[in-house]
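Q: Once you've had a glance at the structure underneath, I'll fire off some questions.
The values are calculated or read from the model by the stated rules, or taken from the named source; none is laboratory data. Since the model is a prediction, treat every value here as computed from it, not as a measurement. Every residue, glycine as well, gets a Cβ built from its backbone with ideal geometry; the counts of neighbours run over all protein chains shown. For the accessible areas, the whole protein counts, side chains as well, though only heavy atoms, and no ligand, DNA or RNA atoms are used. Shrake-Rupley method; radii C 1.70, N 1.55, O 1.52, S 1.80 Å.
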Amino acid sequence: MDSAISDPRPARADAPLHADARHGLKIVIVGGFGVGKTTMVRSVSEIRPLDTEATMTQSGYGVDDPSAVPGKTTTTVAFDFGRITIDDEHVLYLFGAPGQERFWFLWDRLFAGALGAIVLVDQRRIEDSWYAIDRLEHQGTPFIVATNNFGPGADQRAVRDALDLDPLVPLVDCDARDRESCKQVLITLVEYLTRPERTA
């Protein structure tokens, strides 16, 4: 969305939680710089999302490397936040983590209390996802991996091998710009979290 003005979704203040809401479920979306985390939160949130996008300036050059994402002019400097109401009692809260290395210190705080996580991957820059997976495994936070569609479909076997994923960890394709595609990623995560073999 270009601006909050053009976004038809209500702001949080105009879309209060249902009076019976009792259970807040936290999901974190994490991954490298420019893989589409902010886009995913914007696509799937039922409310106008909160984001901390800041304009990239010359002072960031040499600190961040924007060469892999030409044309990118903004970056997340804290986190993105969105919401999905599941039913009267359950609400899903989405947190998109910043991707640049200088903001990684925020990740452990974002992972605290998370039900699970989505590692969003650009298959052209697999190595940008290694740190995210390491931190999630260190924290003991369950996760799935979603390859964002930046062109031809990803070679899922090559991605799985490059990330050295456990065979049980789901790996799915998605388009972070498409609400239905993002919903399927969330459904895959929830199904994974409830698998008996994962919790055995």
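Q: Please verify whether R179 is of a type in the set (K, R) and at pLDDT 90 or above, treating the condition exactly as stated. Lay out the reasoning, then the answer.
A: Details: of a type in the set (K, R): yes; at pLDDT 90 or above: yes.
Spelling it out, R179 is indeed of a type in the set (K, R) and at pLDDT 90 or above.
Q: Please find, among R125, R160, the residue that is of a type in the set (D, E, K, R) and free of Cβ contacts under 8 Å to residues at least 60 places away in the same chain. Can you show your working first?
A: Details: R125 fails: free of Cβ contacts under 8 Å to residues at least 60 places away in the same chain.
Only one candidate qualifies: R160.
Q: Continuing with this model, one more query. Return the only residue of T85, T38 being open to solvent by less than 70 Å² (accessible area, probe 1.4 Å), at pLDDT 65 or above and under 22 Å from E127 (Cα atoms).
A: On the way: T85 fails: under 22 Å from E127 (Cα atoms).
It is T38.
Q: State all residues of segment 119-139 that are among the aliphatic types (A, V, I, L, M) and either assigned to a helix (DSSP H, G or I) or out of contact with any helix residue (DSSP H, G or I) (no Cβ under 6 Å at 6 or more places or on another chain) (or both); if no residue qualifies, say none.
A: Going through segment 119-139, the residues among the aliphatic types (A, V, I, L, M) turn out to be 119-121, 126, 132-133, 136.
Passing the criteria: I126, A132, I133, L136.
Q: Can you tell me which residue within segment 139-154, out of those that are within 19 Å of T188 (Cα to Cα) and surrounded by fewer than 17 Cβ atoms within 10 Å (Cβ to Cβ), is modelled with the highest pLDDT?
A: Our first condition is that a residue be within 19 Å of T188 (Cα to Cα); within segment 139-154, this holds for 140-149, 153-154.
Filter once more, so that each one left must be surrounded by fewer than 17 Cβ atoms within 10 Å (Cβ to Cβ): 140, 153.
Details: G140: 90, G153: 67.
Restricting to residues being within 19 Å of T188 (Cα to Cα) and surrounded by fewer than 17 Cβ atoms within 10 Å (Cβ to Cβ), the top hit is G140.
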